[in-house]
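No value in this document is a laboratory result; all are computed from the given coordinates. Everything numeric in this text was worked out from a predicted model, so none of it was measured. All Cβ positions, even for glycine, are placed from backbone atoms using ideal geometry, and neighbour counts span all protein chains on display.
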Amino acid sequence: MAIYSERVMEHFMNPRNVGEIENPDGIGEVGNPICGDMMTFYIKVKDNRLDDVKFKTFGCGAAIAVSSMASEMAKGKTLDEVMKITPELVADELDGLPKQKLHCSNLGAQALHKAIENYRENHKKGKDNDRE
Amino acid sequence: MKKVYLDNVSTTRLTVEVRQAMLPYFDENFGNPSCVHEWGDIAKEGIESARNQVAQLIGGTAEEIIFTGSGTESNNFAIKGLALAHQKKGKHIIISAIEHFSVLHSAKTLGKWGFDVSLVPVDKYGLVDPEDVRRRIRKDTILVSIMHANSEVGTIEPIEHISQITKESEVILHTDAIATAGTIPVNVQKLGVDALSLASNQFYGPKGAGALWLRQGVRINPLIDGGVQEDGRRAGTENVPAIIGSGKAAELAYDSMTTRIEHLVNLRDRLLSEIPSTIDHVVITGHPKHRLPGNASFCIEFIEGEAMLMLLNSKGIAITSGSACTSRALKASHVLIAMSIPHAIAQGSLLFGFGIDNSSEDVDYVLEVLPPIVEKLRQMSPLYSKFLKRGK
Ligand code: FES
């Protein structure tokens, strides 16, 4: 498919970190309002770092490559570092995306950030409970 | 790697005979058909015999054929040209919701020019109910345009019935027969239409060669002004080799139609029955009976079309999809949406278009390659895991 870079194709053909995590520490689910697609990220957190990341995606080739790349970029990073991963960074790592596919890269970063927010919420509650 | 072309909906491969017929007109017979000398005469004779061949294909007369540069141009010409020529009578036109963009967008342009456009809906098979056309006809209706068949879902529309209604109301009926002319029997008298568009690249002829058949006596406004080519209705030096090719392709299509149809139907029916029996949660789109012979279209649930296309392409199979992600506008196919197919399901659209070069081995290959691709994408799909956990 000539519209995609080799890196996009490579991640699309062999996506990393596909799947779900049982009892994840955080889940981030986003839908794509433009074309109706969906992405879910599952994270495991250890010492303030993403110990494990897994995803499931319903969407085009770019959306799958974006999820795979975003999961790879996030793995092992601290929560704050992951919050700094932007759609542009993901697209850059993939050697660019066609213009009409840039919105797919928003999904990856959004889903990751949502998973972390979800973890932080759960975690806060956990702390409150500890205190009692 | 094995290569299987199953995108004959997008375009078909030129046959050897058509190419042979075209070749002399690139150099040896290079003349301009408008010129009054030997070179001009030879080119002129060539396009006039092509005109006869195309007329024969659809049961019209040669004088009624106007050559154009594409099916899209034919549709633009019919919609805009007929509306402009008859606007004194009224400014209302009727089209179906599943027309090709060349009709839909021409109608939209007419809307900007002060015309009123009504859309006729379709049922879940993509079929137009002629009574829905009748209900929309008004005093100021001048034109109805309903496609003969929709290439995306294969449904063939009841044009013969619609033409009875337009005749009663004395409204001009145009049909976009780009998916049918040269593929199934098309006869303008039987259909009862006043104008019909066709394109040669849909039946193993060259690209850049379309035609509009316009019933004798029906007025039309030219869209391209200039010289007197095509009886003053379409100016510009003719694309002679392409026209010659479209004539030859029309002749071949006419002569071998029955055997071609039989061949296509066999392949189509195998796929229509075997894909749903090898893969779960598959919806066949389009009409079960009134269907183009080479069209097998599906929606594969829980996954998206472009991703399937890419994986199929990596295995050498070329097809197309009506998924939102494959369209530049990122909107699901208006055809599937008009058929009330939910967006999430429309995302899994796959369209196999068989051609005369395809064989039963091609079907075998699809049936071997597609199920693991579907499985791979479903393993990645959050919709599928949700479905497995809680049902639909
Ligand atoms: S997910 Fe629909 S275009 Fe990328």
Residues listed by number, segment B:12-50, amide nitrogen under 16 Å from B:Thr237 label point at 7 Å toward C-beta: B:25-44, B:47
Radius ratio Rg over Rh of chain B, counting only Cα atoms, Kirkwood formula for Rh: 1.00
Residue exposure sequence - B:Ser340, A:Ser67 - by fewest surrounding Cβ within 10 Å: B:Ser340, A:Ser67
C-alpha long axis of helix B:38-58 to longest principal axis of chain B, angle in °: 50 degrees
Å³ per residue enclosed by the Cα convex hull of the protein assembly as shown: 173 Å³
On Cα atoms only, tilt of B:159-168 relative to the major axis of chain B in degrees: 50 degrees
Residue order, fewest to most surrounding Cβ atoms within 10 angstrom, among B:Asp176, B:Asp194, A:Asp52: A:Asp52, B:Asp194, B:Asp176
Relative counts (whole %) of C-alpha pair distances in segment A:1-119, using bins that are 5 Å wide: 2, 14, 26, 26, 19, 10, 3, 1, 0
Taking chain B and dividing mean pair separation by its residue count, relative contact order in percent (alpha carbons under 8 Å, at least six apart): 22 percent
Antiparallel bridge percentage (DSSP; both residues within the protein assembly as shown; nearest 5): 65 percent
For residues of A:51-62, the mean tally of beta carbons on other chains within 10 Å: 6
DSSP beta bridge pairing in chain B, given as percent antiparallel to the nearest 5: 50 percent
Most mobile of B:Gly154, B:Gly208, B:Gly232 in a GNM of chain B (Cα contacts under 10 Å): B:Gly232
Given B:Lys80/B:Lys331; A:Lys124/B:Lys376; A:Lys77/A:Lys99, the pairs whose alpha carbons are separated by over 31 Å: A:Lys124/B:Lys376
FRET efficiency estimate (nearest 0.05) - Cβ-Cβ, B:Asn313 to A:Glu29, R0 30 angstrom: 0.50
Backbone HN-Hα couplings from phi across segment B:269-286 [Karplus 6.51/-1.76/1.60, Hz, Gly and Pro as x]: 5, 4, 5, 4, 8, 8, 5, x, 8, 9, 10, 6, 6, 10, 10, 7, 9, x
Segment B:5-93: GluC sites (Glu not before Pro) in DSSP loop, at most 14 other beta carbons within 10 Å: B:Glu28
Sparse-neighbour loop sites [GluC sites (Glu not before Pro); segment B:157-216; at most 10 other C-beta within 10 Å; DSSP]: B:Glu170
Charge sum, other residues only, whose C-beta stays under 10 Å from B:Ile224's C-beta, Lys/Arg counted +1 and Asp/Glu -1: -1
Positive minus negative residues near B:Val120 (Lys, Arg vs Asp, Glu; Cβ under 13 Å): -3
Of all DSSP beta bridges in segment B:151-299, antiparallel share, percent nearest 5: 65 percent
Which of B:Thr180, A:Thr57, B:Thr72, B:Thr326 has the fewest Cβ neighbours within 10 Å, and the rest in rising order: B:Thr72, B:Thr326, B:Thr180, A:Thr57
Under 19 Å from the Cα of B:Lys3 - lysines, other chains or at least 8 residues apart: B:Lys315
Loop sites in segment B:5-54: chymotrypsin sites (Phe, Trp or Tyr not before Pro), DSSP, at most 16 other Cβ within 10 Å: B:Phe26, B:Phe30
Chain B: most fluctuating residue of B:Arg138, B:Arg268, B:Arg13 per GNM, C-alpha cutoff 10 Å: B:Arg138
Per-residue ³J(HN,Hα) for segment A:38-43, Karplus 6.51 cos²θ - 1.76 cosθ + 1.60, θ = phi - 60°, Hz, x for Gly and Pro: 9, 9, 10, 10, 10, 10
Segment B:211-321 - charge dipole about Cα centre, Lys and Arg +1 at Cβ, Asp and Glu -1, debye rounded to 20: 300 debye
